[in-house]
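The values are calculated or read from the model by the stated rules, or taken from the named source; none is laboratory data. Please read all numbers here as calculations on a predicted model, not as lab measurements. Glycine gets a Cβ as well: all are built from the backbone with ideal geometry, and neighbour counts include every protein chain shown.
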Amino acid sequence: MNEKIYCRIRRVRAVFLTFFLTAAVVLTDAQSIREKEYEKTEIIYCIGDSITYGSGLEDEERLTKSYPAQLGILLGPRYLIFNYGVRGATLQDLSRKSYRNMGYLNVIEAQSPDVVIIMLGTNDSKQKYWDAERYEEQYLVLIDELHNLPGHPYLYLMAPPEAFPAEEGEILYGINNDVIGGEIRNLVPDIAEQSGCGTLDLYALTQDHPEYFVDGIHPTEEGYALIAQMVADQIRADRNAGVW
């Protein structure tokens, strides 16, 4: 073979070999990055009232059967779930248990969550607290505070579940289901749309199902499981779609 042709062939081979080796390194690095992204632990904060807290369950059951606890089981080890439900909590600042005034936002800020799930409104429905305009205004303030945390978490707003009469025939604790089902349920998706948040309708999930509750307000283990499943399905779908 002519020496010039032979040298040219060797140079071409060297160029192709360099190209394929470089491509292999790039693909390997890209795969490594994807794997690291997949393995990243996602931090989710669940904030709300006694329904988030897990009231209605025994104390030892609450740690494994509240909706945040069951959500963690459903989503698996890639997700770290924190339950910051507070019994009696409201969104509006008329009560001494207004969520924004209890210091929990400072704790949330320190953790830089990826997602925050909010369910507040059941206690706000009480006659002494309820004001639709104030509820919307203060919800938007809370959302703005959470959106401006260092991690800029994605937020889900949950319309509270239906409230049912207890065995005595009345809804307990002064909670007003007409407000929950007629006003709060409509306000929550409107607020979510205004602020770029996701939304979940627990009222629709529990409507006409008093058997999901131990006292008409707080879910049974099965009721909490249904809430956890609904939230898990939405989180998986949104994560896979790149919503957050």
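Considering every residue within the range 39-46, establish whether at least one is at pLDDT below 75, in a helix (DSSP H, G or I) and surrounded by fewer than 11 Cβ atoms within 10 Å (Cβ to Cβ).
Looking for residues that are at pLDDT below 75, in a helix (DSSP H, G or I) and surrounded by fewer than 11 Cβ atoms within 10 Å (Cβ to Cβ), one finds at least one in the range 39-46, hence yes.
Quick check: anything in the range 213-234 within 18 Å of E136 (Cα to Cα) and β-branched (V, I, T)? Step through it out loud before you land on a result.
Of the range 213-234, the ones within 18 Å of E136 (Cα to Cα) are none.
The answer is no; no qualifying residue exists.
Which of (1) part of a helix (DSSP H, G or I); (2) exposed (fewer than 15 other Cβ atoms within 10 Å of the Cβ); (3) at pLDDT below 85; (4) of a type outside the set (G, A, S) does E61 not meet, given it meets every other one?
Among (1) part of a helix (DSSP H, G or I); (2) exposed (fewer than 15 other Cβ atoms within 10 Å of the Cβ); (3) at pLDDT below 85; (4) of a type outside the set (G, A, S), E61 violates only (3).
Identify, please: which residue in the range 70-98 is among the aliphatic types (A, V, I, L, M) and either outside the structural domain of N148 (by TED's automatic domain parsing) or part of a loop (DSSP other than H, G, I, E, B) (or both) and is, among those, surrounded by the fewest Cβ atoms within 10 Å (Cβ to Cβ)? Walk me through how you get there before you give the answer.
Narrowing the range 70-98 to residues among the aliphatic types (A, V, I, L, M): 71, 73-75, 80-81, 86, 89, 91, 94.
Subsequent filtering for residues that are either outside the structural domain of N148 (by TED's automatic domain parsing) or part of a loop (DSSP other than H, G, I, E, B) (or both) retains 86, 89, 91, 94.
On the way: V86: 18, A89: 26, L91: 27, L94: 15.
Looking at the filtered set, the residue picked out is L94.
Across the range 182-212, which residue is farthest from V141 (Cα to Cα) among those that are in contact with a Ser or Thr (Cβ under 9 Å, 6 or more places away or on another chain) and surrounded by fewer than 18 Cβ atoms within 10 Å (Cβ to Cβ)?
Initially, the range 182-212 is screened for residues in contact with a Ser or Thr (Cβ under 9 Å, 6 or more places away or on another chain), giving 183-184, 188-189, 191-193, 211-212.
When the remaining residues are screened for being surrounded by fewer than 18 Cβ atoms within 10 Å (Cβ to Cβ), the result is 189, 193, 211.
Working: P189: 16, E193: 15, E211: 35 Å.
If we take residues in the range 182-212 being in contact with a Ser or Thr (Cβ under 9 Å, 6 or more places away or on another chain) and surrounded by fewer than 18 Cβ atoms within 10 Å (Cβ to Cβ), then E211 is farthest from V141 (Cα to Cα).
Which one is surrounded by the fewest Cβ atoms within 10 Å (Cβ to Cβ) among residues in the range 99-134 that are under 20 Å from the mean Cα position of the chain (by Cα), among the hydroxyl-bearing types (S, T, Y) and not in a loop (DSSP other than H, G, I, E, B)?
Of everything passing the filter in the range 99-134, Y104 is surrounded by the fewest Cβ atoms within 10 Å (Cβ to Cβ).
Filtering the range 137-166 down to residues that are assigned to a loop (DSSP other than H, G, I, E, B) and of a type in the set (A, V, I, L, M), which residue is surrounded by the most Cβ atoms within 10 Å (Cβ to Cβ)?
Step one: of the range 137-166, the residues assigned to a loop (DSSP other than H, G, I, E, B) are 148-153, 160-166.
Among the residues that remain, those that are also of a type in the set (A, V, I, L, M) are: 149, 163, 166.
Numbers: L149: 17, A163: 25, A166: 16.
The selected residue is A163.
How do the pairs read when you match residues in the range 142-162 that are touching a residue at least 12 places away in the same chain (Cβ under 8 Å) with residues anywhere that are among the basic types (K, R), using Cβ under 7 Å and keeping only pairs 6 or more apart or on different chains?
L142/R100; A159/R185
Checking the conditions here, which among E168, E136 is touching a helix residue (DSSP H, G or I) at 6+ places or on another chain (Cβ under 7 Å) and either at positive phi or not hydrophobic (A, V, I, L, M, F, W, C) (or both)? It would help to see each step written out before you state the result.
Working: E168 fails: touching a helix residue (DSSP H, G or I) at 6+ places or on another chain (Cβ under 7 Å).
Checking each option against the conditions leaves just E136.
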